[in-house]
Amino acid sequence: MIQATGSNAGKSLFVAGLARLLHRRGLRVAPFKPQNMANNAAVALDGGEIARAQALQCLACACETSSDMNPVLLKPQNDGSSQLIVQGCAVGSVRASDYPRMRARLLGKVRESYHRLAQKFEVIIVEGAGSPAEVNLRAGDIANMGFATAEQVPVLILADIERGGSIAALCGTHQLLEQQERALVRGFLINKFRGEVSLFKPAIEVIAQRTGWRSAGVVTWCEPLGELPAEDSLDLRRGGKIAKMQNPGLQDSGLQNPDLQNSGSQDSGLQNISLENLDKTNSSSPSTPSSSSSPKLPCRVTALRCPYMANADDLDPLLLDENFEVRLLEAGSPIPSDSDVVLLLGSKSVLADLAFLRAQGWDIDIVAHRRRGGIVFGICGGYQMLGLSIEDDQGLEGWRGKKAGLALLDLTTEITQGKKLSRIEGLACLPSVAPLAGVSVVGYEMHNGETRLKSSGRRGLDRRGLEKRGIEKRGIDKNRVARSLHSPAAVRPWLSLGLPLGVSIGSSPQTARDSSRDELDINFGALSADGCVLGCYLHGIFASGEFRRAFYQYACSSPDRRAYTNAGRVDAGKANAGKASAGKASAGKASAGNASAGNASAGRGGKGEGVGRADGWRGGFDYAERIEEVLDIWADHLAGCCDIEFIVSLLSDVSSDGLSAHLGDQQGEHPSCEGRKDRV
């Protein structure tokens, strides 16, 4: 079990790297985190919900995701409570003050999941949460030593040297642990070390002398780690480049971020945001063109940073793609007028984030951005915000009541019980909206609530139309291909979904894998008549290189090339003027910086320039392949930094000599591991 002296010490990525290392040597490995707190989550193959970090760890060891790998997941909400996910299913909301009384019962579920995994895998690498030395959380603990003592799992303690005080943190942790807990600790690791390792040798000797623990290595800085998706913003590579996750505008807006530190998770909710790749974006001035003789301007995406932002890892593929320049907008700053796309990400508390967005004046900027012909794209909670209204009568996400949305799409959302969790393949197949027509998409939906399009029409694509666009060649049955939807009304769906690997979750996710839709969902996502505003529930949509390229070309096209109705192309200006809320909202709140920025010159998104920019794609890359490459780099890095033979010796019932053959540099076939039930 990998525990640490504090949050964000690098446990999740260390587990991923170690899992990769063991997997490459022929062992069947699985990750396990008894309890996590994160708003970045993933849909497991069995249809349940787990934290994003455990999904990455599964990728590292090439095993199928399972709800058992993260049996307790807490997702912070805006009212000081968290949504409680148990073995993949949402069971309700719990306040921080009430959660300690539930942990004793939850430990049974945690151990049940652990034992199921132990029957399938040879090695289980367990990840703790926060610090085991937080004495105020020790009673009923299920995240650290409470689990370790129950299952008698050997422990390594990880210390983050970049924060400073790692020596004191390790020695202090030793002092605060109970005797039976100390007996489980086999050694310690220093993480995120920069500089000359030999200079730290005296400190290692002091730690070993005072604690009796053995050093398992000093893990030096590994720059490529910043390309991996993570649930925490402060990870192995970023350090202090993002000064703090607490949004400076929260206090001024009257919205407080609840401190759920004592909810039993030891990991702060707002820190679970995947922003570690932001320094990969172009750092030059937005108005400074490339020095190349034939400049290829990236598509500039401005993502709005709200306090309850969820699944922000949707940004990761864009951050790594040279064709995009991503800017995460802080509170108090207007949306830059040179933005091509304004992106509204998911949210764990949509009504609270919508109020926060309005408090910053971003609603006015969004209207102005749309009037200039810019793209507004909402995913999940951001999609709900784009509609006419959002209703949460039961307060399932914190706030109760019905609030007006941004009124950019003619749809309404009602937050309801029953979370929809699906892994999906589909098509973006509006034939009139090039270049998105016929582009395949892959991702997952994860949300409460039902969204209804108030006005849309549809008509089917004939077989000749399908063949012309090559849709049949994409591996989706031509008899199940989505229909094209057209309407002179304000919105029409633009995505068709098929081959789902999950379903709406009721009491159990275990049967989700066998489910399928008889017909593709033709009512997924919404697109405005002028083509400037679109949204959907599909997380992970940018991971597809095919979709990223199509979206780049679409966003960089001139506005008049995106506006269509049943009768054909319409003038973008008329379509925008037809949106009643746009002009009125802009005129009614024409204040200071936001209004002036919003009504600036047409800029990069203006008519004319976009036609040429749509052809400026620079090759792109395969996101999935790059993640695999970085995992291998990280595993090799750990092999060079850590005492692998010592770590392997912690595998119960296996001698270090017997397992070293799997972990050394030998070539050829790996020895068989059939029958082992070893656990780290």
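The values are calculated or read from the model by the stated rules, or taken from the named source; none is laboratory data. On a predicted model such as this, the values are computed, not experimentally measured, just so you know. With ideal geometry, Cβ positions are generated from the backbone for all residues, glycine too; neighbour counts draw on all protein chains shown. Protein only, heavy atoms only, side chains kept; ligands, DNA and RNA dropped before computing areas. Shrake-Rupley method; radii C 1.70, N 1.55, O 1.52, S 1.80 Å.
Points to keep in mind about this one:
- Note on the range 127-239: with neighbouring protein chains present and a 1.4 Å probe, carbon and sulfur make up 53 percent of its accessible heavy-atom surface.
- Among 197-203, 63-69, the order from most to least packed when residues are scored by Cβ within 10 Å on average: 63-69, 197-203
- Amide H to amide H distances under 5 Å link Val376 with Val342, Val533, Leu534, where only residues 5 or more positions off or on other chains count and H is placed in the peptide plane.
- Placing +1 on the Cβ of every Lys and Arg and -1 on the Cβ of every Asp and Glu, with nothing else charged, gives the range 79-178 a dipole about its Cα centre of roughly 380 debye.
- Per residue, the accessible area of the range 1-127 comes to 24 Å², computed with a 1.4 Å probe over protein heavy atoms only.
- Each Lys and Arg contributes +1 and each Asp and Glu -1, all at the Cβ; summed about the Cα centre of the range 341-406, the dipole is approximately 240 debye.
- Legend: residue pairs Lys348/Lys419; Lys33/Lys201; Lys75/Lys420; Lys11/Lys348; Lys348/Lys454, Cα-Cα distance threshold 22 Å; pairs beyond threshold, Lys33/Lys201; Lys11/Lys348; Lys348/Lys454.
- Two-site FRET efficiency, Asp643 against Asp622, from Cβ-Cβ distance with R₀ of 30 Å, rounded to 0.05: 0.30
- For the range 634-641, 3J(HN,Hα) computed residue by residue from phi via the Karplus equation (6.51, -1.76, 1.60; θ = phi - 60°) reads 5, 4, 4, 5, 5, 4, x, 9 Hz, glycine and proline entered as x.
- Close amide H contacts of Lys192 (hydrogens built in the peptide plane, cut-off under 5 Å, sequence separation of 5 or more or a different chain): Val219.
- What the range 336-455 shows is 26 Å² of accessible area per residue, with the surface traced by a 1.4 Å probe over protein heavy atoms.
- Cut-off 15 Å, label 7 Å out along Cα→Cβ of Trp221, residues of the range 146-178 by amide N: 161-164
- In nm, spacing of pseudo-spin labels at Lys402 and Thr416 (7 Å Cα→C-beta vector): 1.5 nm
- Once the C-beta distance of Glu322 and Val135 is scaled by a Förster radius of 30 Å, the resulting FRET efficiency is 0.05 to the nearest 0.05.
- Summed residue charge, Cβ within 11 Å of Leu176's Cβ, Lys/Arg positive, Asp/Glu negative: -1
- Taking the protein heavy atoms of the range 9-100 in the context of the full set of protein chains, the accessible area attributed to carbon and sulfur is 52 percent at 1.4 Å.
- Ranked by the mean number of other Cβ atoms within 10 Å of their residues, highest first, the peptides 391-397, 151-157, 41-47 fall in the order 41-47, 151-157, 391-397.
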